[in-house]
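Encoded as structure tokens, here's the structure I'll be asking about.
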């Protein structure tokens, strides 16, 4: 992707997120809810979703994953709107995102391991590692003063794909929808890892020059 395409894609994501979040944030700003509270509510919902997944309630789990994703969108938007953004809030949000993502994938692991589903188990481990790498690369880059918001599959896209796979899990496909979602995640998560590394390599060269 060229630099202008990357910028346009990032801007489109921000605009879409703003259109969804702004009306709700205006209402929330009149309440006593704090951004960190929304973050923790989202975590509790995700843990609930993971538990339902272990019981084979994939569709209901998918609904909760989407609801949790909304809280993940709103906490940062509320912090900016109400001018309550803090460094600790940003750290808490990032930490909760990682725990939430791991919880859902671990819920799937708990479901698949007793059934000896080796392919699904390997897929889940690979997706989990890749998802953490996507986030780690950005965090490490920003710690070195580099910007790294590029990539096809950020957390939002990962949440949507996994949630859709869970929601339609009852539909009878040749390949189970959850497995299809995991394959999509596997491919695009590692494409995103490569995108970020190549992008940062160019940035580093410019900085070193």
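The values are calculated or read from the model by the stated rules, or taken from the named source; none is laboratory data. Every value quoted in this text rests on a predicted model; they were computed, and no experiment measured them. So basically every Cβ, Gly included, is an ideal-geometry build from the backbone, and we count neighbours across all protein chains shown.
Give the residues of the stretch 153-174 that are closer than 19 Å to residue 105 by Cβ and either without any contact (Cβ under 8 Å) to a residue 40 or more places away in the chain or more than 12 Å from the chain's Cα centre (by Cα) (or both), sorted by residue number.
153, 157, 161, 164, 165, 166, 167, 168, 169 - these are the residues of the stretch 153-174 that are closer than 19 Å to residue 105 by Cβ and either without any contact (Cβ under 8 Å) to a residue 40 or more places away in the chain or more than 12 Å from the chain's Cα centre (by Cα) (or both).
So, in the stretch 180-195, exactly how many residues are buried (at least 19 other Cβ atoms within 10 Å of the Cβ) and over 16 Å from the mean Cα position of the chain (by Cα)?
1
Based on this model, can you work out whether residue 179 counts as under 28 Å from residue 38 (Cβ atoms) and in a helix (DSSP H, G or I)?
It is false that residue 179 is under 28 Å from residue 38 (Cβ atoms) and in a helix (DSSP H, G or I).
Answer yes if at least one residue in the stretch 18-37 is at pLDDT 80 or above, buried (at least 16 other Cβ atoms within 10 Å of the Cβ) and outside any loop (DSSP other than H, G, I, E, B), and no otherwise.
For the stretch 18-37, residues at pLDDT 80 or above, buried (at least 16 other Cβ atoms within 10 Å of the Cβ) and outside any loop (DSSP other than H, G, I, E, B): present.
Which of the residues spanning the stretch 33-60 are over 19 Å from the mean Cα position of the chain (by Cα) and under 12 Å from residue 78 (Cβ atoms)?
33, 34, listed by residue number.
Given the options 158, 140, name the one that is touching a helix residue (DSSP H, G or I) at 6+ places or on another chain (Cβ under 8 Å) and modelled with pLDDT under 95.
None of the others qualify; the one that does is 158.
Let me ask you something else. From the list 110, 53, 124, pick out the single residue that is touching a helix residue (DSSP H, G or I) at 6+ places or on another chain (Cβ under 9 Å), surrounded by fewer than 19 Cβ atoms within 10 Å (Cβ to Cβ), modelled with pLDDT of 95 or more and under 22 Å from residue 186 (Cα atoms).
110
Sticking with this one: Just one of the numbered conditions (1) touching a helix residue (DSSP H, G or I) at 6+ places or on another chain (Cβ under 7 Å); (2) in contact (Cβ under 8 Å) with a residue 40 or more places away in the chain; (3) surrounded by fewer than 18 Cβ atoms within 10 Å (Cβ to Cβ) is not true of residue 97; which one?
Here residue 97 meets the rest and fails (3).
Kindly establish whether residue 146 is over 30 Å from residue 58 (Cα atoms) and at pLDDT 90 or above.
no
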